[in-house]
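To start, the structure under review is shown below, and the notes come after it.
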Amino acid sequence: YEPGSVLKIFLAAAALEEKAVRAEDTFYCPGYTSVAGHKISCWESKGHGWQTFLQAVENSCNPAIIQVGLKLGKERIYKYLRGFGFGSPTGIDLPGEESGIFLPAESVTELDVASMSIGQAVSVTPIQILNALCAVANGGLLMRPYVVKEIVDSGSNRISRTEPRVVRRVLSRQTAEELSRMLEQ
């Protein structure tokens with residue numbers, strides 16, 4: 001599915017990690033922004049006015065998040081979205097997992113970057129979203145998700161056991177903690 005605003009979390013993570021934005025940086029939202037000749041509205045049609053990045057995240061403000069996404073650029077957006085596990089199966093112990101859908105990076109336009117920044121023009125799975133959110137909560141570590149912790153036979157003998165496994169570090173602990181505090185707001 002197209003995730004929409006929930007994907008803004010991972011764009012914010014990338015921007016903070018890359019030091020492309022700070023929580024106190026300011027943005028103006030008149031209720032829309034224009035990108036490549038297309039008007040993209042904010043959910044708040046009258047606009048949010050001046051706000052910090054922290055407030056833009058709190059407000060889920062499309063124009064501010066789009067500005068940040070354009071500043072990051074497609075290469076860094078792809079780097080972080082892929083780092084968080086989007087575009088690949090998570091490896092969860094369930095059959096039939098899909099990868100999600102990303103536009104080929106070489107064909108992505110400025111308008112696509114703006115759309116991706118607010119969770120459009122990409123498709124993800126619910127387990128990818130959950131796993132990526134857990135990476136923020138886990139101090140920046142993306143883990144391999146699993147459903148079955150242990151299988152035992154009728155005599156309580158362990159047949160198999162799944163242990164937590166780190167896939168990769170996506171964010172520094174400091175960025176993950178800063179983003180977590182922002183999300184609590």
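Would you mind working out the accessible area per residue for the chain, using a 1.4 Å probe, and quoting it in Å²? If you can, show how the numbers build up before the last one.
Details: 9690 Å² over 185 residues.
Counting only protein heavy atoms, the per-residue value for the chain is 52 Å².
Just add up the charged neighbours of THR162: K/R +1, D/E -1, any other residue whose Cβ is under 10 Å from the Cβ of THR162.
Values: positive: ARG144, LYS149, ARG161, ARG165; negative: ASP93, GLU150, GLU163.
Around THR162, the charge tally is +1.
Report, to the nearest whole %, how much of the accessible area of region 1-127 belongs to carbon and sulfur atoms, 1.4 Å probe, protein only.
Numbers: 3190 of 5930 Å².
Summing carbon and sulfur atoms, their accessible area is 54 percent of the total for region 1-127.
Between region 1-26 and region 42-116, how far is it from one alpha carbon centroid to the other, in angstrom?
Using only Cα atoms, the two centres lie 8 Å from each other.
Ordered by packing density, taken as the mean number of other Cβ atoms within 10 Å over each peptide's residues, highest first, how do 177-185, 126-134, 102-110 rank? Can you show the working numbers first?
Numbers: 177-185: 14.2, 126-134: 17.9, 102-110: 12.6.
Descending mean neighbour count gives 126-134, 177-185, 102-110.
Counting every Cα pair in region 1-73, what percent are over 16 Å apart?
Numbers: 1149 of 2628 pairs.
Across region 1-73, Cα pairs with separations above 16 Å total 44 percent.
Within the set of other residues whose C-beta is less than 13 Å from the C-beta of SER123, count the net charge using Lys and Arg as +1 and Asp and Glu as -1. It would help to have the intermediate numbers written out before the result.
Details: positive: none; negative: GLU2, GLU98.
Neighbour charge sum, excluding SER123 itself: -2.
Lysines within cross-link reach of LYS149: Cα-Cα under 27 Å, excluding same-chain residues under 8 positions apart?
none
For LYS19, which aspartates and glutamates qualify as cross-link partners when the Cα separation must be under 14 Å and same-chain residues fewer than eight apart are set aside?
GLU178
The values are calculated or read from the model by the stated rules, or taken from the named source; none is laboratory data. Keep in mind that this is a model prediction, so the values were computed, not measured. Heads up, the Cβs are rebuilt from the backbone with ideal geometry, glycines too, and the neighbour counts pull from every protein chain shown. The protein model used for the area step is the full one, side chains on, heavy atoms only, and it has no ligands, DNA or RNA in it. Shrake-Rupley method; radii C 1.70, N 1.55, O 1.52, S 1.80 Å.
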